[in-house]
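The values are calculated or read from the model by the stated rules, or taken from the named source; none is laboratory data. Model, not experiment: these values are computed from the prediction. As a convention, Cβ positions derive from the backbone with ideal geometry for all residues, glycine included, and neighbour counts pool all protein chains shown. Only protein heavy atoms, including side chains, enter the accessible area calculation; ligands, DNA and RNA are left aside. Shrake-Rupley method; radii C 1.70, N 1.55, O 1.52, S 1.80 Å.
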Amino acid sequence: MHYHHRPHEGLRHPMMPRKALTPNQMWAALVAVAGHVPVPLTGHDYLELLPVRWQTITPAGITIHHRTYDHDLLAPYRGQASPVAGRGGKWEIHYNPHDVRQIWIRLPDGDLTEIPWIHRDHVHQPFNDHTWQHIRTHAQHSHHDDSQQHEAHLADALDQLMRRVHSGHATTTEQALLARATTLPVPAARHPHPGTGPITGEPAQHDGDDSIDDLDDLPESGTRPAAAAGFGLYDAHEEADKW
C-alpha cells in the first residue's frame, strides 16, 4: 500500500502545481469536486488485498508454522522455483490472518489458486495463528511421532478445543482464545483474476511549501477513500500489521 502514500510527479493540483501529490491526496481533491459512487470489493479483490508471504513448494506441499497446505494442483511445481525474480525461487502466497485453514498461491497463469490445509476437513471453524500457537504450546509431543503425525495430533487438539468451547466446557482462557479468532470469512473467489505485483521504489523528493491541507474544502488528509472504507481495502492491511 506504499504506492498510495507516495508522491507521484504526474499528480498535480491546479492550485498548487509545484506540489506532487500522493494518490490518496489526489483522490481526496477530486472526489470533493466530482463526488463518488461506493463500489464494494469482489471476492477477487479481497484475495488480492490479503497479506502476502513467500514460500517454497516442497514435495509435501507448502508448510507454514507447522501446517501443511497441499493440493493436486501443486504437482507440477513441487520442488520448482517460482518465475518471480528476486524471491529466491519462492512463490507468492496470500493468506487470511483470521482464518488460516487455507492459503492462495499465485501460479504461473497469474491466478490466485486456493490451497487447503491438509486437515481443514477436521476443523470446521476459522482459527488464527495465535490459536494455533496455543495448541502447539500445550499439546503433548511424542518423540516417536514424525512431523505428519504431530500435525495430525495438533489438528485433533484444535478440534477438541473448539468442541469444548461450543459445549460450554472450555476454560475462560480457551473461550477468550476462540472469541478472538471469530471473524467473517473472506468472500469466496473460485476463479480469481490475475493481479499485479507490488510496486516498489523510493519516495520522490519535492521542494516548496505547498500543502494539500491548505485547501479548506478538501477532506482531511487522513480520511479514507469512501469507496474503500468499510469494504476491507484498508482494514485487511491494518489487521495484517498486527501479525
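Tell me, which residue of the range 69-113 that is open to solvent by 20 Å² or more (accessible area, probe 1.4 Å) and of a type in the set (V, I, T) is nearest to Q133 (Cα to Cα)?
T113
Would you point out the residue of the range 6-52, among those that are in contact with a Pro (Cβ under 8 Å, 6 or more places away or on another chain) and free of Cβ contacts under 8 Å to residues at least 24 places away in the same chain, that is farthest from E114 (Cα to Cα)?
Ranking the qualifying residues of the range 6-52, first place goes to L11.
Closer than 17 Å to H130 by Cβ, part of a helix (DSSP H, G or I) and at pLDDT below 90: does that describe A179?
In short, yes.
If I ask for residues that are over 21 Å from L49 (Cβ atoms) and β-branched (V, I, T), which ones from the range 108-135 would you list?
Result: I118, V123, T131, I135.
Could you count how many residues in the range 53-105 are aromatic (F, W, Y), out of contact with any Ser or Thr (no Cβ under 9 Å at 6 or more places or on another chain) and within 20 Å of S147 (Cβ to Cβ)?
So the count comes out to 0.
Which of the residues spanning the range 114-134 are assigned to a loop (DSSP other than H, G, I, E, B) and open to solvent by 30 Å² or more (accessible area, probe 1.4 Å)?
Those that are assigned to a loop (DSSP other than H, G, I, E, B) and open to solvent by 30 Å² or more (accessible area, probe 1.4 Å): I118, H119, H124, Q125, P126.
Among the residues of the range 70-97, which ones are outside any helix (DSSP H, G or I) and in contact (Cβ under 8 Å) with a residue 40 or more places away in the chain?
D70, H71, V84, E92, I93, H94, Y95, N96, P97
Out of L158, L112, I need the residue that is in contact with a Phe, Trp or Tyr (Cβ under 7 Å, 6 or more places away or on another chain), without any contact (Cβ under 8 Å) to a residue 40 or more places away in the chain and not charged (D, E, K, R). Which one?
The unique qualifying residue is L158.
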